[in-house]
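Quick note: the coordinates plus some simple rules give every number you see, no bench work behind them. Note that the structure is a prediction, hence the values are computed from the model and not measured. Every residue, glycine as well, gets a Cβ built from its backbone with ideal geometry; the counts of neighbours run over all protein chains shown.
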Amino acid sequence: MASKSAPLIGVLGLQGDFEEHTAKFESLGAQTRDVRRTSDLESIDALVLPGGESTAVAILEKSEAAKNIFDDIRELGEQGLPIWGTCMGSILLAKDIEGSRQGRLGLMDISIHRNAFGPQKFSSETLLHIPALGEPNFPGVFIRAPIITKAGKSVEVLAKTERGIVMAREKNLLATVFHPEVVEDTRVHEYFLEMVTSD
Ligand code: GLN
């Protein structure tokens, strides 16, 4: 979309912390759209799947109306639409969710382990070394976060900690198990916008 000065970023607004993403993208000059139904997907340049509760969204997938939107998102992802999943969103993107058969998009060749950092309320902040973002280290906020335990050959590991992979990319797909939308640093949002505009 290099010809467009302000890409239109859809943010899935079915559940979770989508408003923080919207604010971040708008502060960077992108347009945003709250995506709740299939028609909202029309002419977006990219899609963000925010953090939230993946089992709640997996249940939504069973309802007819929501099922269509998941099928359409899957198809757009297969066609190359840039999609970024944060936390819950990275669970939805994963082909393999360890020990679970919950609904998913299953677009990205990663295995993910839900709630990998312990009890439900557990959250923490860790400075992450992410070479693709340069210096300084990025403040990674983990909220009931999963961890990526395996990544296929076509997946580029962008950051990892001693617990496992926390940021990865496979072509048009980006997964972060932490929450860049809740910190001031905008570099992951800028990285994603770069994926969108360099298409
Ligand atoms: N623990 C949630 C899940 O497994 C994800 C948490 C989040 O997105 N902040 O679905």
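Neighbour counting of Cβ atoms within 10 Å sorts the residues 108, 195, fewest neighbours leading, into 195, 108. For the chain, the antiparallel share of DSSP beta bridges with both residues in that region comes to about 55%. Quarter the surface of the alpha carbon convex hull of region 98-176 and you get the mean projected area, 5.7 square nanometres. Report the Cα centroid-to-centroid distance between region 1-55 and region 58-84 in angstrom, as an integer. Spelled out, the Cα-based centre of one part sits 14 Å from the other.
For region 41-199, the relative contact order is 21 percent, taking Cα pairs closer than 8 Å that sit 6 or more residues apart in sequence and dividing their mean separation by the residue count. Remark: for residue pairs 150/171; 24/171; 24/150; 67/153; 67/171, the C-alpha separation exceeds 27 Å in 24/150; 67/153.
Specify the residue with the greatest mean-square fluctuation among 92, 49, 128, computed from a Gaussian network of the chain linking alpha-carbon atoms under 10 Å apart. Looking only at 92, 49, 128, the largest GNM fluctuation is found for 128. In this structure the amide hydrogen of residue 165, modeled in the peptide plane, comes within under 5 Å of the amide hydrogens of 148, none closer than 5 places in sequence on its chain. About its Cα centre, the chain has a charge dipole of approximately 640 debye under the convention of +1 per Lys or Arg Cβ and -1 per Asp or Glu Cβ, with nothing else charged.
Here the Karplus curve 6.51 cos²θ - 1.76 cosθ + 1.60, taken at θ = phi - 60°, turns the phi angles of region 78-93 into couplings of 5, 7, x, 4, x, 10, 10, x, 9, 6, 3, x, 6, 5, 5, 6 Hz, with x standing for Gly and Pro.
Working note: 222 nm ellipticity from helices only, DSSP H runs with n ≥ 4, each -39,500 (n - 2.57), summed and divided by the residues of the chain, gives -7000 deg cm²/dmol to the nearest 500. Computed over the chain, the quotient of the alpha carbon radius of gyration and 2.2 N^0.38 Å is 0.93. Mean-square fluctuations from a GNM of the chain, with a 10 angstrom spring cutoff on Cα atoms, peak among 98, 162, 125 at 162.
Name the residue, out of 110, 147, 44, whose mean-square fluctuation peaks in a Gaussian network model built on the chain with Cα pairs under 10 Å. For the chain, modelled as a Gaussian network with Cα springs under 10 Å, the answer is 44. Counting only DSSP beta bridges whose two residues both lie in region 87-187, roughly 85 percent are antiparallel.
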